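Have a look at the structure below before the remarks.
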Amino acid sequence: GGVPNEAMIKPINKSVVHRICSGQVILDLSSAVKELVENSLDAGATSIEISLKDFGEESFKIIDNGCGISPNNFKVLALKHHTSKIADFPDLQSLTTFGFRGEALSSLCALGKLTVETRTKHESVASHLTFDHSGLLTCEKKTARPIGTTVTVEKLFSTLPVRGKEFSRNIRREYGKLVSLLNAYALIAKGVRIVCTNTTGKNTKSVVIKTQGSNSMKDNIITVLGNNIFTCLEPLSISISDSCEVEGFLSKPGQGSGRNLGYKQFFFVNGRPVDMPKVSKLVNELYKTSSSKQYPIMVMNFIVPTRAYDVNVTPDKRKIFFSDEGSLMRSLRESIEKIYSPSHCSYSTNKVE
Ligand code: ADP
Ligand code: MG
């Protein structure tokens, strides 16, 4: 039966609210790991290791060599909306960090079991911290660890019965999505070594991704996508307005993929991996004028002033809101059209290899 309209309006129990909201910040395995990898990048790590157990279903662990977390912050570390990155609204306009809402660790606490090991350069010994589902620090002890942070999440979504079941059922798909997201970071992160391993049932550990932490996107593309793919790409460097440049790589005409390999299209805004379905559609369409049955591989980083866009559109920060999207898309179309127009000489070779 329904609740009659005359029923008293009462606040929902705080811990229930926390759990409900957390499920909106952390949608799946890849958004959980994404938050932790971004925390490591924000902490200045040059090495990030992602270690999955049973494709992430059992647990996942992110080990970095970043700045570590100061003991002063242990108690508030996993509290909702506690962050070291912004303090006031105007700070959002000049955001240079991936994180800013102080929601990730708090949400992960609500959805699974969070433990943190960390050490800054000021400590001679590391700390091992455990948190409860409301984000309160429940246990703190000393441990050995180099400078940096390890965050472990066990049994993600075990506190949401329906999502938990779906999570286990779809774990391979969740894992696939995570691998393509990690590929995006491996392509864009300069000077950061990224390693991802997966350990299944009988302790067989396999390496999923391994980069060297090179400073060039070219090297990263060769490591992540392979040399064969790299030789089919042309560097892209266009200025589409006074304040927007696009850098990256695009398939040469006639050398795209036969199928729409969505996971071989990577978009970034100032190095932040994002979804850009409109750009993908536009470039796919323009590419067809030169190679009718193919889809281009795209690695495109939009370099724009931080005041020109808003990442705070969806909880997972994958959607970007540009202040002048219309003119940006028009200029992009013009630039890409030139690249793929049949008359453009540097692209006139339609060789098939
Ligand atoms: P946000 O990233 O939005 O600040 P998080 O919940 O992801 O919120 O993290 C909360 C705070 O914990 C961060 O602001 C940062 O100070 C600290 N922190 C989290 N992960 C790390 C890490 N790997 N290394 C150093 N500090 C971290
Ligand atoms: Mg964060």
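The values are calculated or read from the model by the stated rules, or taken from the named source; none is laboratory data. Model, not experiment: these values are computed from the prediction. Every residue, glycine among them, receives a Cβ derived from its backbone with ideal geometry; neighbour counts consider all protein chains shown.
Quick notes
- Across region 123-142, the number of residues qualifying as in contact with a strand residue (DSSP E or B) (Cβ under 9 Å, 6 or more places away or on another chain) and closer than 14 Å to G68 by Cα comes to 5.
- Of all residues in region 138-151, those that are within 10 Å of E117 (Cβ to Cβ) have Cβ atoms under 6 Å from Cβ atoms of residues that are part of a strand (DSSP E or B) and near ligand 1 (Cβ under 10 Å from one of its atoms), 6 or more apart or on another chain, in G148/D64; T149/D64; T149/T118; T150/I63; V151/I62; V151/V116.
- Residue match in region 203-213 (condition: polar (S, T, N, Q), more than 16 Å from ligand 2 (Cβ to nearest atom) and at positive phi): yes
- Taking the numbered list (1) surrounded by fewer than 19 Cβ atoms within 10 Å (Cβ to Cβ); (2) within 15 Å of ligand 2 (Cβ to nearest atom); (3) within 22 Å of V33 (Cβ to Cβ) in turn, V116 passes all entries but (1).
- The lone criterion from (1) touching a Ser or Thr at 6+ places or on another chain (Cβ under 7 Å); (2) more than 11 Å from ligand 1 (Cβ to nearest atom) left unmet by L136 is number (1).
- Of all residues in region 108-160, those that are under 18 Å from I62 (Cα atoms) and of a type in the set (D, E, K, R) total 6.
- In region 200-271, counting only strands (runs of 3 or more DSSP E) that sit wholly within it, the ones holding 1 or more residues that are over 24 Å from S331 (Cα atoms), among the hydrophobic types (A, V, I, L, M, F, W, C) and free of Cβ contacts under 8 Å to residues at least 60 places away in the same chain span 204-210.
- Whether a residue is outside any loop (DSSP other than H, G, I, E, B) and either within 14 Å of ligand 2 (Cβ to nearest atom) or closer than 25 Å to E154 by Cβ (or both) was assessed, and A78 does not pass this test.
- When region 73-102 is filtered for residues that are near ligand 1 (Cβ under 6 Å from one of its atoms), small (G, A, S) and in contact with a helix residue (DSSP H, G or I) (Cβ under 8 Å, 6 or more places away or on another chain), the ones remaining, listed by number, are S84, G99.
- Lone unmet requirement of (1) more than 19 Å from K61 (Cβ to Cβ); (2) within 15 Å of ligand 1 (Cβ to nearest atom); (3) buried (at least 16 other Cβ atoms within 10 Å of the Cβ); (4) not aliphatic (A, V, I, L, M) for R163: (2)
- Selection within region 20-38 - in contact with a Leu (Cβ under 7 Å, 6 or more places away or on another chain) and at pLDDT below 90: S22, G23
- Looking across region 89-104 at every residue that is part of a loop (DSSP other than H, G, I, E, B) and within 10 Å of ligand 2 (Cβ to nearest atom), the one that is modelled with the highest pLDDT is identified as E103.
- Out of E154, E174, one residue alone is acidic (D, E), in contact (Cβ under 8 Å) with a residue 12 or more places away in the chain and in contact with a helix residue (DSSP H, G or I) (Cβ under 8 Å, 6 or more places away or on another chain). It is E174.
- Every residue from region 219-237 that is out of contact with any Asp or Glu (no Cβ under 7 Å at 6 or more places or on another chain) and surrounded by 13 or more Cβ atoms within 10 Å (Cβ to Cβ): D219, N220, I221, I222, T223, V224, L225, I229, F230, C232, L233, E234
- So L105, is it near ligand 1 (Cβ under 10 Å from one of its atoms) and buried (at least 16 other Cβ atoms within 10 Å of the Cβ): yes
- Members of region 1-46 that are more than 16 Å from ligand 1 (Cβ to nearest atom), closer than 25 Å to E166 by Cα and acidic (D, E): D28
- Here region 38-63 is the region considered, the condition is being in contact with a helix residue (DSSP H, G or I) (Cβ under 6 Å, 6 or more places away or on another chain) and assigned to a helix (DSSP H, G or I), and the residue that is nearest to ligand 2 (Cβ to nearest atom) is G56.
- Members of region 238-254 that are surrounded by fewer than 17 Cβ atoms within 10 Å (Cβ to Cβ) and under 25 Å from the mean Cα position of the chain (by Cα): S243, E245, E247
- Selection within region 311-339 - among the acidic types (D, E) and out of contact with any Leu (no Cβ under 8 Å at 6 or more places or on another chain): D324, E325, E334
- Selection from region 1-35 of residues that are crowded, with 23+ Cβ neighbours inside 10 Å and of a type in the set (A, V, I, L, M, F, W, C): I26, L29, A32, V33
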